[in-house]
Amino acid sequence: MAVSATLHCLSGCAIGEIAGLMIGTALGLSNGWTIVLAVGLAFLFGYALSTLPLVRTGLGVGAALGIVLAADTLSIATMEVVDNAVMALVPGAMGAGLVDVTFWVAMPVALAVAFAAAYPLNRYLLARGKGHALTHAFHGAPAEPTGYRRFIPAIATSTLVAAIAAFLLGGLVVSAADALGTDGSGHAAPAAVTPADPPVSGRA
């Protein structure tokens, strides 16, 4: 359960972190503002991924959000501190462009370290009936959702993790291909062709 809880929090954090860092680097924001944006989006997506399933089971938005704030805040905060610290410590990672191998290598490393840091915390909280244990009781609700709740997707944590991993891998492949000067198929990109000089006439 601790692994599942940590992966669940990490999924929301990863989506927010990746989005924030991509937006920050694309807009040329400073490292400080990029971190602020990434952290804000990480909390937003982290809370959203935990709140929506509770609303789907029948809880009101306010009640669900209150439970999630109590359950996930420490875990998300721990991940954010560690994740951003790793990104800041990797030379060039924060200022790397979106088609830069450094960015796509540093990001999964930072997320892995964040997972390792948050896992013992979640295990400690779960053992005492706190943290993700507050939301776990609602996850297995057997009743079919009604009304607008039917349109709230029920996405498994494993699906989110797989999608994020695939996205990170895709970014790494594209950036590596760009760095190697290939067209993505293993073939070198054709060099620019310049017109040959016209033949020199023998006349003056």
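Test of understanding: among M87, M94, which residue is buried (at least 20 other Cβ atoms within 10 Å of the Cβ) and outside any helix (DSSP H, G or I)? Just a single option satisfies the conditions, and that option is M94. I18 falls short on exactly one of the conditions (1) surrounded by fewer than 22 Cβ atoms within 10 Å (Cβ to Cβ); (2) within 23 Å of D178 (Cβ to Cβ); (3) modelled with pLDDT of 85 or more, and that condition is (1). Looking at segment 135-177, which of its residues are modelled with pLDDT under 75, of a type in the set (A, V, I, L, M) and open to solvent by less than 80 Å² (accessible area, probe 1.4 Å)? Once the filter is applied, which keeps residues that are modelled with pLDDT under 75, of a type in the set (A, V, I, L, M) and open to solvent by less than 80 Å² (accessible area, probe 1.4 Å), segment 135-177 yields A141, A143. For segment 25-50, a residue qualifies if it is modelled with pLDDT under 90 and either buried (at least 22 other Cβ atoms within 10 Å of the Cβ) or aromatic (F, W, Y) (or both), and the qualifying residues are W33, T34, I35, A38, S50. Can we say L111 is at pLDDT 90 or above, open to solvent by less than 50 Å² (accessible area, probe 1.4 Å) and part of a helix (DSSP H, G or I)? Spelling it out, L111 is indeed at pLDDT 90 or above, open to solvent by less than 50 Å² (accessible area, probe 1.4 Å) and part of a helix (DSSP H, G or I).
The values are calculated or read from the model by the stated rules, or taken from the named source; none is laboratory data. These numbers come from a predicted model, not from an experiment. Quick reminder, even Gly has a Cβ in these numbers, built from the backbone with ideal geometry, and neighbours come from all protein chains shown. Please note that ligands, DNA and RNA were not included when accessible areas were found on the heavy atoms of the full protein model with its side chains. Shrake-Rupley method; radii C 1.70, N 1.55, O 1.52, S 1.80 Å.
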